[in-house]
Structures are given as C-alpha cells and as structure tokens.
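This report concerns only the one structure given below.
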Amino acid sequence: MSYATPAGGLAPQTQLTTDRAQFTDCYAVIPKGTMSDIVTSNLPHWHGARAWVLARPMSGFAETFAQMIIELTPDGHSDTPEPIDGAQAVLFVTSGVLTLTCGDTHTLTAGGFAYVPPHTDWSVKNDTEEPVTFHWIRKKYVPVDGIDAPDLIISHDDDVAPVAMPDTDGKWATTRFVDPNDMRHDMHVNIVTFEAGGVIPFAETHVMEHGLFILEGKAVYLLNKTWVEVEAGDFLWLRSFCPQACYAGGPGKFRYLLYKDVNRHAELSL
C-alpha cells in the first residue's frame, strides 16, 4: 500500500495561484499543494516536530474533532503529547517508523494504526534516521453510564480485511479497525477503498461529521452541490448533513482515511 504524505517546501514564484482550495459553510477542501512549510505549526512539549493542522472544532462548522499531520525528525518526540484531560486519539502512520509507548512499547510502520483511550499516559518518538509522518485525530471522549471506556488498539492496514458494501461486487469496501457494534467507541477512523469505477450512488446526508484524507488515487467527490476533483494528499472537511457522493474514475484504487462521530445521543443544547 502507498500512503500520501505532505511534501512540504514552498511553491515557486512562477506557479499560478488558482487552485482547488475551498472553504464554504458546509465543507472545506484543502489540496495537497497548500500543505507547505509556511502553514505548519509548532506544538508545546513536542520536540523535533511540526504539524499541519487540518481540522479543529469551530462553532457552526465541524465541532467534534481535531486532526493534524505530524512530522517527526530523527529523535523527535513528545513525552506529554495530549494537553486535554479526557481526549482520546487515533494515530495513523503514512511514512517512516513511529515508536508509541502506552504501557508497552509498540512499533508502527506505514499503515500502522493505534487507538489511544482517554485518561491514558502515552508518548511517541522517532528512533530512526528518517522522518516519520502520521495523522493524529483527537476527540473528547463522551462517557456513558454503564459502559466502560475502550481499550488500547494496535493494528495495521494489512491486518484488517476490508468489508465490501452490499451489492457492490467489492468495488466499495471499508477497513474497520474498530467493531462498529462496540458501543464503547464514540468515533470511528476507517479506511474506505474504491476500485476504479466504484461509486457512492446517492448523496449521503447524515449527522456524522467527517475528516477525509485521500491516501491514494483520485476521484470526483460531491460536496453539497459541487463536484470536486480530489487526489492523494488532499483533505476534505464535512460538517453534519453535508450531502456527499463519490465516483472513482481510476486508473488505480481510490482510498481515504475517514473520521466520523458515532454511537452517542445528540446533545440537546448548544
């Protein structure tokens, strides 16, 4: 498998300004070309690290999660990565080798997945001579009386068999790192795969928010009323009820990392 990773750098002065970047009242498109050096952030208690912040809670927009791409240089690390009590995390590695310490020590290579429960001490480090890049998705955990918090999950893209959507001949499938019937979890981060010609044949319109990072391939994606061309390295940010559909034109697979909030009652106050 291949996984898109920001190249950084800076566009040349000769490049045209026109691009596919969009920010509307119900979705945003952040093309891969905008993820340059000048938009990275430094983070407290992170060393040898820089972050591309892709999504954060915003009133009136997506409100449940934050998502970043973190790059760690050799020996880059954080012993206290999460500043918010009760936050949970998903880490997904796109390049390099990441060492995660969460009780035991785990080695995550490209395609590696980790779910870190709330109220858990954890740390990360790059013990290699090459940079490592990974997604860090954060959400404040919503506890439920009588239901325990989830356990730590360490997995890999290669170790989870994709589940085909019904009546699609396997052209649309989802790699689920978490059992969708496990009510302990209030978010899912999956990998969605379309073979060339695969489609979402209707405009999905639902309460779940989405962060959607294109890992591989290209497609046209319906966002509200607009069809947008997207490719590996792009990020899409969809608020609740934004209509969406997809057509994967090929020639290869179209795959994306997908966040959504699940399994909880809607809040009745703002």
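The values are calculated or read from the model by the stated rules, or taken from the named source; none is laboratory data. All figures in this text were calculated on a predicted structure; none of them were measured in a lab. Using ideal geometry, Cβ is built from the backbone for each residue, glycine included, and neighbour counts are taken over all protein chains shown. Just the protein is used for accessible areas: all its heavy atoms, side chains included, with ligands, DNA and RNA removed. Shrake-Rupley method; radii C 1.70, N 1.55, O 1.52, S 1.80 Å.
List of remarks:
- For segment 120-201, the solvent-accessible area of protein heavy atoms averages 51 Å² per residue (probe radius 1.4 Å; ligands and nucleic acids excluded).
- Residues listed by number, segment 239-257, amide nitrogen under 15 Å from residue 168 label point at 7 Å toward C-beta: 244-250, 253-257
- Taking a straight Cα-Cα cut-off under 26 Å and skipping sequence neighbours fewer than 8 places away in the same chain, the lysines within cross-link reach of residue 260 are 32, 139, 140, 171, 218, 225.
- Cβ-based net charge around residue 81, under 11 Å, with every Lys or Arg adding one and every Asp or Glu removing one: -1
- Look at the Cα gyration tensor of segment 200-248: its axes a ≥ b ≥ c give a/c of at least 1.5 with a/b at or below b/c, and that counts as oblate.
- The chain: C-alpha gyration tensor shape, a/c 1.5 cut-off, then a/b vs b/c: rounded
- GNM top mover of 145, 85, 19 - the chain, alpha-carbon springs below 10 Å: 145
- Whole-percent carbon and sulfur share, accessible surface of segment 32-103, 1.4 Å: 54
- Once the Cβ-Cβ distance of residue 51 and residue 120 is raised to the sixth power relative to R0 = 22 Å, the FRET efficiency obtained is 0.60.
- Couplings 3J(HN,Hα) of segment 95-107, computed from phi: 7, x, 10, 10, 9, 10, 10, 8, x, 7, 9, 10, 9 Hz, in residue order, whole Hz [Karplus 6.51 cos²θ - 1.76 cosθ + 1.60, θ = phi - 60°; x for Gly and Pro].
- Other residues lying with their Cβ under 14 Å from the Cβ of residue 171 contribute a combined charge of -1, Lys and Arg counting +1, Asp and Glu -1.
- Under the simplified labelling scheme, the residue 18-residue 85 pair shows an inter-label distance of 5.3 nm, with each label point 7 Å from Cα along Cα→Cβ.
- The residues of segment 1-78 present an accessible area of 56 Å² per residue when probed at 1.4 Å with all protein chains retained.
- The chain: most fluctuating residue of 126, 181, 190 per GNM, C-alpha cutoff 10 Å: 181
- DSSP loop GluC sites (Glu not before Pro) with at most 15 other Cβ within 10 Å: longest gap in the chain: 130-266
- Accessible carbon and sulfur surface of segment 106-244 relative to its total accessible area, %, 1.4 Å: 50
- Mean-position separation - Cα centroids, segment 43-83 and segment 203-234, in angstrom: 22
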